[in-house]
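Enquirer: Sharing a structure here in structure tokens format.
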Amino acid sequence: MIARLAWRSVWRNRRRTLITVLSIGFGLSFAIFFIAMGHGMYTKMISDAVRMQAGHITIEPRGYLEAPAVESYLKSPAELRAAVQRLAAVQRTKLLVLGQGIARTGSGTVGVALMGVEPSAEAITSPLARRIIKGRYLSDRDGPWVVIGKTLAERLGLRVGMKLVITTNNAAGELVDELCRVRGIFATGSEEIDGYFMQAPIAFARRVFGLPAGAATQLGVILASPDDQEAVLAKLRRLTAGQDLEVEPWQKILPQLASYIKLDEGSNYVFQGILIFLILFTIFNTILMSVMERQREFAMLQAIGTRPGQVMGQVFLETCFLGLIGCGLGMLGGAAAAGALQHWGLDLSSFYGGDITISGFAVDPRLRALLTPGIVLGMGAAVFAATLLLSLIPLRHAGRVNIVDQLR
Amino acid sequence: MSTLVKATDITKDYGQDGVVTHALRGVSLSLQPGEFAAMVGPSGSGKSTLLNIIGGLDRPTSGTVEVDGQRLNDLGKSALGELRRDHIGFIFQSYNLLPVLTARENAEYVLRLQGVPAAERRRRVTEVLAEVGLAGMEDRFPRQLSGGQQQRVAIARAVAPEPALVLADEPTANVDSKTGQSLLDLMLRLNQDKGVTFLFSTHDPAVMQRARRLILLKDGEVAGDGEGLEDIDGV
């Protein structure tokens with residue numbers, strides 16, 4: 001009877017109930033949509049950035065992060081790589097040789113970062129391989145060939161097939177010059193990447209920096225799911241314990257990107273917090289109003305023998321019904337909107353007038369949400385739980401009604 | 001026959017801003033089962049206050065009240081609620097039906113609180129709704145009923161649990177005189193046929209004429225108590 005009374009009471013004022021459940025629904029939909037959009041944006045951003053660099057996790061000689069010099073390198077990482085590759089959560093590993101140098105042509109001189117990669121593996125994982133605008137990406141058969149950024153090519157007057165000289169200090173401390181040719185030119189939209197970065201086959205990079213065969217400055221680990229990062233990090237630290245190695249997450253390798261995401265997430269949380277507060281305020285207002293205008297009814301119910309707890313139970317159930325309908329609508333609406341954005345994406349390139357870069361990394365201008373059951377269920381459950389919590393104040397009013405005063 | 005209601009030396013004081021109002025000044029009253037009695041008197045004489053105290057809705061400042069053998073002064077809030085549910089029926093001036101429940105659901109509300117089995121509940125409510133003249137209207141909501149019909153539902157709700165006592169606060173005040181007469185007929189019939197004890201608080205001359213006992217309250221005291229208007233001075 002209490003449940004029937006509660007359900008019918010919810011629909012006693014249809015317009016108010018509809019406005020309330022629609023407010024909850026719209027608010028929750030927006031919150032789910034924006035969280036999924038942010039999640040999609042960050043995941044894509046991190047994925048692109050880490051795949052272009054060493055991956056979600058980097059294994060490197062101790063002290064390399066603070067002083068990245070080619071003198072400190074992994075002498076024979078093959079065995080370690082095989083052990084890492086065996087971990088279930090690891091999608092792929094890659095060996096890198098990273099060093100600094102000067103690129104020279106008849107047109108000029110530019111300081112560059114040269115990254116030696118395994119072309120066939122890199123072509124699958126790195127977004128750089130998909131950003132070639134002239135020529136082609138590197139292959140495993142390539143010798144002294146490099147791919148360079150569009151801006152660097154312009155500065156050095158280079159076209160595909162042309163020669164350049166890389167001057168650097170090798171691992172032995174000697175000044176060396178190496179001649180190479182341009183295999184392809186990429187454009188990521190990032191000034192830092194396009195203007196100062198180049199990739200070469202790892203064997204050529206070892207020759208440039210004077211490293212022995214099989215050596216690398218870093219062993220990169222790409223995960224199937226970024227959610228496994230902490231678990232894999234712990235396993236890798238156990239695996240490399242006692243060796244003079246460091247295992248670092250991408251947040252430490254790319255601190256600017258990590259800080260940007262953290263800051264942006266923070267502002268999103270504030271926005272979502274305000275949204276949720278507005279939803280909850282609407283619910284609170286509705287329940288309180290509905291309780292206050294029925295004080296006489298609650299007094300009558302208690303006069304004829306209804307226990308205060310039963311009256312409170314009725315109001316609690318009314319809140320549950322409102323919350324369930326509103327949250328159900330919100331979860332459906334939010335999932336549908338975010339699902340549509342995940343499926344079709346939203347191209348913002350015309351809005352921004354070109355490429356977007358964040359912390360030096362190019363961001364795909366096609367915005368896509370990434371919807372997970374956790375976002376929908378988590379947000380729905382949070383709003384529903386907050387709704388129930390908020391009903392406690394009106395509940396007290398319903399249970400503590402002064403019978404005589406109200407019936408007078 | 002044991003006394004159904006025994007109120008002894010009841011006082012009730014209200015205080016506000018240091019000013020004390022004596023609503024009841026040492027009222028003593030007893031009621032036997034099967035009585036059809038009305039408390040009469042001018043506004044502010046203490047009728048509703050006494051009715052609330054007898055019904056366990058309010059507590060006296062001093063004095064004792066016993067209803068159906070239970071001393072109300074000794075009962076806590078929860079026990080008072082159970083006493084009202086199981087022993088007392090209430091009829092209010094403005095019906096106070098639940099607008100979202102049908103006539104049948106309103107009438108069976110207290111029976112549900114009492115945990116009466118569904119079949120028994122249905123039998124009793126069907127019977128009592130027929131007695132109050134609402135057969136065929138069981139599934140109507142209060143908004144689909146006239147004022148008099150709504151008060152009949154309220155009477156059905158009060159008598160369906162077969163309480164020892166029904167307290168009715170101005171039950172005819174919100175209906176026209178013809179409807180008031182028929183409601184009185186109904187309550188009188190329930191009193192005669194089923195032995196339901198009624199205690200009214202009223203200004204309505206029709207109720208005073210039909211009541212078999214009149215208790216006159218004046219300035220918070222019992223100023224008269226008799227079988228008819230002619231027995232009481234000042235009515």
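The values are calculated or read from the model by the stated rules, or taken from the named source; none is laboratory data. From a predicted model like this one, the values you see are computed outputs, not experimental measurements. Ideal geometry is used to build each Cβ from the backbone, glycine not excepted, and the neighbour counts take in all protein chains shown. With ligands, DNA and RNA removed, areas are computed over all heavy atoms of the protein, side chains included. Shrake-Rupley method; radii C 1.70, N 1.55, O 1.52, S 1.80 Å.
Enquirer: Tally the residues that are over 20 Å from the mean Cα position of the chain (by Cα) and either open to solvent by 60 Å² or more (accessible area, probe 1.4 Å) or of a type in the set (A, V, I, L, M) (or both), restricting the search to region B:121-142.
Expert: So the count comes out to 10.
Enquirer: I need the full set of residues from region A:299-327 which are away from chain B (no Cβ under 11 Å) and either hydrophobic (A, V, I, L, M, F, W, C) or without any contact (Cβ under 8 Å) to a residue 12 or more places away in the chain (or both), in order please.
Expert: Across region A:299-327, the qualifying residues are A:Met312, A:Val315, A:Phe316, A:Leu317, A:Cys320, A:Phe321, A:Leu322, A:Leu324, A:Ile325, A:Cys327.
Enquirer: Hey, any hits in region A:232-243 for a residue that's under 27 Å from A:Val90 (Cβ atoms), crowded, with 18+ Cβ neighbours inside 10 Å, more than 31 Å from the chain's Cα centre (by Cα) and of a type outside the set (Phe, Trp, Tyr)?
Expert: no
Enquirer: Of all residues being out of contact with any Asp or Glu (no Cβ under 8 Å at 6 or more places or on another chain) and of a type in the set (S, T, N, Q) in region A:1-36, which is farthest from the other protein chains (Cβ to nearest Cβ)? Just the residue, please.
Expert: So the residue we want is A:Ser29.
Enquirer: Of everything in region B:187-202, what is hydroxyl-bearing (Ser, Thr, Tyr) and closer than 16 Å to B:Pro33 by Cβ? Give them in sequence order.
Expert: So in region B:187-202, the residues hydroxyl-bearing (Ser, Thr, Tyr) come out as B:197, B:201-202.
Within region B:187-202, just B:Thr197 meets the criteria.
Enquirer: Hey, another quick one. Take A:Arg4 and tell me if it is at pLDDT below 90, open to solvent by 60 Å² or more (accessible area, probe 1.4 Å) and assigned to a strand (DSSP E or B). Break it down stepwise before answering.
Expert: Details: at pLDDT below 90: yes; open to solvent by 60 Å² or more (accessible area, probe 1.4 Å): yes; assigned to a strand (DSSP E or B): no.
Answer is no for this residue.
Enquirer: Please enumerate the residues belonging to region A:164-195 that are crowded, with 19+ Cβ neighbours inside 10 Å and assigned to a strand (DSSP E or B).
Expert: A:Leu164, A:Ile166, A:Thr168, A:Glu178, A:Cys180, A:Val182, A:Arg183, A:Gly184, A:Ile185, A:Phe186
Enquirer: In this structure, is A:Ser391 within 14 Å of chain B (Cβ to nearest Cβ), open to solvent by less than 60 Å² (accessible area, probe 1.4 Å), under 27 Å from A:Ala3 (Cα atoms) and over 23 Å from the mean Cα position of the chain (by Cα)?
Expert: Working: within 14 Å of chain B (Cβ to nearest Cβ): no; open to solvent by less than 60 Å² (accessible area, probe 1.4 Å): yes; under 27 Å from A:Ala3 (Cα atoms): yes; over 23 Å from the mean Cα position of the chain (by Cα): yes.
Considered against the rule, which asks whether it is within 14 Å of chain B (Cβ to nearest Cβ), open to solvent by less than 60 Å² (accessible area, probe 1.4 Å), under 27 Å from A:Ala3 (Cα atoms) and over 23 Å from the mean Cα position of the chain (by Cα), A:Ser391 comes out as no.
Enquirer: Separate question: Report the residue count in region B:85-103 for those that are within 11 Å of the chain's Cα centre (by Cα) and either under 20 Å from A:Arg294 (Cα atoms) or more than 9 Å from chain A (Cβ to nearest Cβ) (or both). Walk me through how you get there before you give the answer.
Expert: Residues of region B:85-103 within 11 Å of the chain's Cα centre (by Cα): B:88-93.
Now narrow it down to the ones that are either under 20 Å from A:Arg294 (Cα atoms) or more than 9 Å from chain A (Cβ to nearest Cβ) (or both): B:90-93.
The qualifying residues number 4.
Enquirer: Quick one: in region A:209-231, which of the residues that are over 27 Å from the mean Cα position of the chain (by Cα) and not in a loop (DSSP other than H, G, I, E, B) is farthest from A:Gln91 (Cα to Cα)?
Expert: In this case the residue turns out to be A:Phe209.
Enquirer: Mind counting the residues in region A:263-296 that are modelled with pLDDT under 85 and closer than 22 Å to A:Asn402 by Cα?
Expert: Result for region A:263-296: 1.
Enquirer: Next question, about the same structure. Tell me which residues, restricted to region B:105-120, are buried (at least 20 other Cβ atoms within 10 Å of the Cβ) and part of a helix (DSSP H, G or I). Show your work before the answer.
Expert: Residues of region B:105-120 that are buried (at least 20 other Cβ atoms within 10 Å of the Cβ), as a first pass: B:105-111, B:113.
Result: B:Glu105, B:Asn106, B:Ala107, B:Tyr109, B:Val110, B:Leu111, B:Leu113.
Enquirer: In addition: Would you pick out the residues in region B:19-57 that are within 14 Å of chain A (Cβ to nearest Cβ) and open to solvent by less than 30 Å² (accessible area, probe 1.4 Å)?
Expert: Those that are within 14 Å of chain A (Cβ to nearest Cβ) and open to solvent by less than 30 Å² (accessible area, probe 1.4 Å): B:Ala23, B:Leu24, B:Gly46, B:Lys47, B:Thr49, B:Leu50, B:Leu51, B:Ile53, B:Ile54, B:Gly55, B:Gly56, B:Leu57.
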